[in-house]
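Asks: Mind looking over this structure? Questions follow.
The values are calculated or read from the model by the stated rules, or taken from the named source; none is laboratory data. Since the structure is predicted, the reported quantities are computational estimates derived from the model, not experimental observations. FYI the Cβ positions are ideal-geometry reconstructions off the backbone, even for glycines, and counts take in every protein chain you see.
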Amino acid sequence: MFRSLLALFCLVALAFAAAAPMNQQSCKSTDHGLVINYDISIGRYYMKSKCDAAIQGLKKSGALPSMVRCNADSRGMTKMTFNAMRNRQGKINRTLNGVWTAIRDNGGFNCRGH
């Protein structure tokens, strides 16, 4: 019984370590020539309304996102992926900071554009 509980605790601890901590973000960008792929872990619990606001904001900002996905990760935190044209990182960061203000107040989004 003790070993089972210890194993479960270790699995939970590893899962929590994989995503961005609460009120922080992790933005990985991969350069594919004219297009940058963004993979963003957002340290806020998933809310569909926040994702919808972010997607609409990105479209209105001129960041030109495509292949957008926004959903909950294994911890219930927000995970967002999309492609965007080069040199749009300022628009992306401003838009995401406007939606997730707790992240903005804790250092903000810092997605790179290569």
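Asks: Considering the stretch 76-104 alone, what residues qualify as being surrounded by fewer than 17 Cβ atoms within 10 Å (Cβ to Cβ) and touching a residue at least 40 places away in the same chain (Cβ under 8 Å)?
Replies: Thr81, Asn83, Met85, Arg86, Gly98, Ala102
Asks: Quickly run through the stretch 36-50 and pick out the residues that are part of a strand (DSSP E or B), of a type outside the set (Ser, Thr, Tyr) and either without any contact (Cβ under 8 Å) to a residue 60 or more places away in the chain or buried (at least 20 other Cβ atoms within 10 Å of the Cβ) (or both). Step through it out loud before you land on a result.
Replies: In the first step, residues of the stretch 36-50 are kept if they are part of a strand (DSSP E or B); the result is 36-45.
Okay, now just the ones that are also of a type outside the set (Ser, Thr, Tyr), so 36-37, 39-40, 42-44.
Hits for the stretch 36-50 are Ile36, Asn37, Asp39, Ile40, Ile42, Arg44.
Asks: Suppose the filter is at pLDDT below 95, basic (Lys, Arg) and part of a loop (DSSP other than H, G, I, E, B); does Arg3 pass it?
Replies: On the way: at pLDDT below 95: yes; basic (Lys, Arg): yes; part of a loop (DSSP other than H, G, I, E, B): no.
No: the conditions fail for Arg3.
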